[in-house]
Structure formats: C-alpha cells, structure tokens
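This report refers to the structure that appears directly beneath it.
Since every read-out is calculated from the coordinates, none of them should be taken as a lab result. Keep in mind that this is a model prediction, so the values were computed, not measured.
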Amino acid sequence: MSRRLDWTSSPAGPLRGMLDMPGDKSVSHRAIMLAALADGVSRIDGFLEGEDTRATAAAFAGMGVHIETPSPSRRIVHGVGLHGLRAATAPIDCGNAGTGMRLLAGLLAGQTFDSELRGDASLSRRPMGRIIDPLTAMGAHIDSNEGGMPPLRIHGGRALHGISFAPPVASAQVKSAILLAGLYAQGSTEVREVHATRDYSERMLATFGWPIEFGDGWARLAGKARLRATHVAVPADFSSAAFFLVAASIVPGSELVLRSVGINPRRTGLLAVLRLMGADIVELDRREQGGEWLADLRVRHAPLHGIDVPEQHVADMIDEFPILFIAAAAARGVTRISGVAELRVKESDRLAVMASGLAGLGIEVVERADGAAIHGGRIGAGRIDSVGDHRIAMSFAVAGLIASGAIAISDCANVATSFPGFADLANGCGFSIAASAAGQG
C-alpha cells in the first residue's frame, strides 16, 4: 500500500529569510551518468537528494558502478569507463524521471547488452517517440508500447553512426539523448534546434573532457573519445527557486534571498518574464563555478502586470509554466502564453490541469491548443487535484498564500521527486502548508 499525501495551503503574511534550494535536478542526472562512464573517481557535491535523481544513481549501481554516499548531497562515483557498464539483472526503474529515461535511452542504445527502462504510472503515459525516432536513425533498435509509450526495450550490440538532426520540437532531453548516443557512434553527431534549449549536457561533457563544440541552438561531437573523472559542484536548482521567486513577488511585504542559484541563460526564461511583468529580482554575487553561472537572487514584493510572453523565452522556461500561471493569476490584466504544446506531454497535461485548477478558484482562463490567456483576479479558496504532478502541487501551494481562503491540494507525494523538504522550507519562511497522509491501495 502506498501513502497518499495531501496539502492544505492557507493565506499567510510576508515571506522572509535566506534560503538554500536543493541541487539542480538536470545537472545531478547528468553528473551521475558521465561520472559513471568516466575513467577514474569523480566527486559530486550538491547532488539533489530527490527520488528522480536517486533512481538514476540506482540505475548505474545496477549496471556495476560503485557509488558512495559519504554524506547527504555528496556522491563519490567510481567510473567504469565508456564501455565498462554491464547488463542490469532486472528492468531499470526510472520512477517519475522523464529526464532519466530519455537520457538513459541514448546511453544504453550504444551498449553491447539489452536493457529495459520502466517508469511509474505517470512516466508510463509520457510518449518517447521523439527520442526513439532519431536514435533509430542512428542505428539503435528500441521497442515500446503503442504510441511510443514506456517501457522501452533497448537492444544492444547495434553499430551506431552519427547523424545531423533538427528536432521538430525544441527539447533539451531529446538533444541530450542524441548526443549521449553519439558518444558511441561512428563519425560526427550534430543537433541543430529552431529554438536553443538548455545546454547542461554540452557543458557537462566538456567538463568531463569530451571534445564537443556547441553554441546557441547547436551542438556537435564525434564518438570514440574518453571521459575523464572530475569534481562537479551542482548549483542550486532554478526550477525550485522559481516557486519562491513568484511567492515573494505576490505576497505584500516579502523579501527573500535564494543562495547560489544556477542562472544558466538557457534555464532562466522565467526570470526574464517575471521582470517584464514588473518583478523586483536582483542578482547578487554573480559568479562562475564548474562551467555554470550562479548568483544569489534577492526578490521583493512588487505589483505584477499581465504581458504577452515573448516566444524567445518559452524554451528556456518550459518547466516553470505552472508557477507562471500563478503569477499571471495574481497580476493585473491578461497574460497570454503561446507555443507551449510541449506542456501537454509533461508529468501531466499541464496546460489543461493549470487552466481547470485556476478556473475552479475563480480565475478566468481561456485555454488553447498551444497556450492560454490568464486573466488576473482574486484567487479564491477551493480544492485542487494535482494529478500527482510535483510542479502543479507546489504552484498551487504558492497560490494559497494570497487566496481568499485555504486551498486543499491532493496527491502531493511526487513533490519528493524534485524538491524533498519543500513544505518544511516553505513554512520556515512564512508559508502555511499543512500536510496529511492517508493509505492508498
């Protein structure tokens, strides 16, 4: 029997404090993967202790990689080299991690052994055709359920060859899967995007010594090189910080400082959009660490106003749209979002769930196939089903801060996949989140 976790988020006063966000999930996934394939022993500091990233670490442990945990958020990875993995004795469980599954598919396509990737109920409904097709073009053989749904059965022993690929939909996960398969491919592998996506994989490959060229919207590498062990310092996760940036912006009298947050320009589209809406967010002590830019972010309450979200920021904030919906609901006027059809195939159909959730709280939302128009207004009390989507649960917890009454949010256990300890950290700076658990068969 699993445990169901529900929250009640109630109106609260000013938010105050200096907060440390958990480690960046995207960087943590990639650090474990490349450290496992490197020659030598790597140290990873700031590793996200979330269910998704632990699932990725467990996957490599199951393929023969020795991974130590000397203290929380630290991993010592004894790399086995590019060709040192061995077949797992059971299907690899990716949990809720779409990033883990897609990137692992790229890496495992070049192995000599067969593999099977499985996920939880939510991940099993997420289509994987966008990685299966280009990997197949490289010579991989991957079977899936109807519609490209997991589980993925990856046949080993295939000779891969490089390709030049232009994804029809901008996706860092698709790009990364292709590049990781390219490590095992004959010749050059190149990805060119219509809209540039986050470049964590490219930067991480360079950090581990792989020859790679990349710029805005393109990346190119050749196979058959080596990865060298290194030290990775994982920055604090911008996607986690996003909830507190919006919360402090919309609650009068608030001021928060979020320390050492990763501000990779391909990740911080929300920062630019919130500033366009009138947010007061300042970067302090901007610095570079391990190939990534960090800063302390100071955010103070400021009245927000609706905007048409510029299309050039969409790919750089694809994970932050649920919390942007809350900022838009609290803003004066109308916020229009377009070009985000990708949200319909995340952990849930985030467009539909956010639109219906806000409508149930009295906010007018006009939903379209690839976006929505959110009319700012008074957020009311009510009940929200997060449908097991961690970002939706946390977004409506933020909405509860300024609602007319309590917002009851169901099915919040999956918050632990990306932000363990969210409710405690939030309550420590002024939120009012009450949790309740019940058995679920």
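Before moving on, here are some points about what is shown:
- In degrees, nearest ten, helix 172-182 long axis to first principal axis of the chain (Cα): 10 degrees
- Its relative contact order, with pairs defined as Cα atoms under 8 Å and 6+ residues apart, puts segment 80-228 at 21 percent.
- Helix axis angle, 321-330 relative to the chain longest principal axis, alpha carbon, degrees: 10 degrees
- Viscosity 0.890 mPa s, 25 °C: Kirkwood-radius Stokes-Einstein D of the chain over Cα pairs, µm²/s: 112 µm²/s
- The chain, helix-only ellipticity at 222 nm - DSSP H runs n ≥ 4, -39,500 (n - 2.57), divided by all residues, nearest 500: -8000 deg cm²/dmol
- Its residues counted as N, segment 71-124 yields a C-alpha radius of gyration over 2.2 N^0.38 Å of 1.27.
- Using alpha-carbon coordinates, inclination of helix 51-61 to the longest axis of the chain, degrees: 10 degrees
- If you take the Cα centroid of segment 75-89 and the Cα centroid of segment 1-72, the two points sit 19 Å apart.
- Table column - 3J(HN,Hα) (Hz), segment 9-21, Karplus curve with 6.51, -1.76, 1.60, x for Gly and Pro: 9, 10, x, 9, x, x, 9, 9, x, 10, 10, 10, 7
- Rg/Rh for segment 1-107 (Cα atoms only, Rh after Kirkwood) is 1.08.
- Computed over the alpha-carbon pairs of segment 25-233, the distance histogram in 5 Å steps reads 1, 8, 17, 22, 23, 17, 9, 2, 0 percent, short to long.
- Cα-only Debye scattering, segment 96-157: base-10 log of I(q)/I(0) at q = 0.30 Å⁻¹: -1.42
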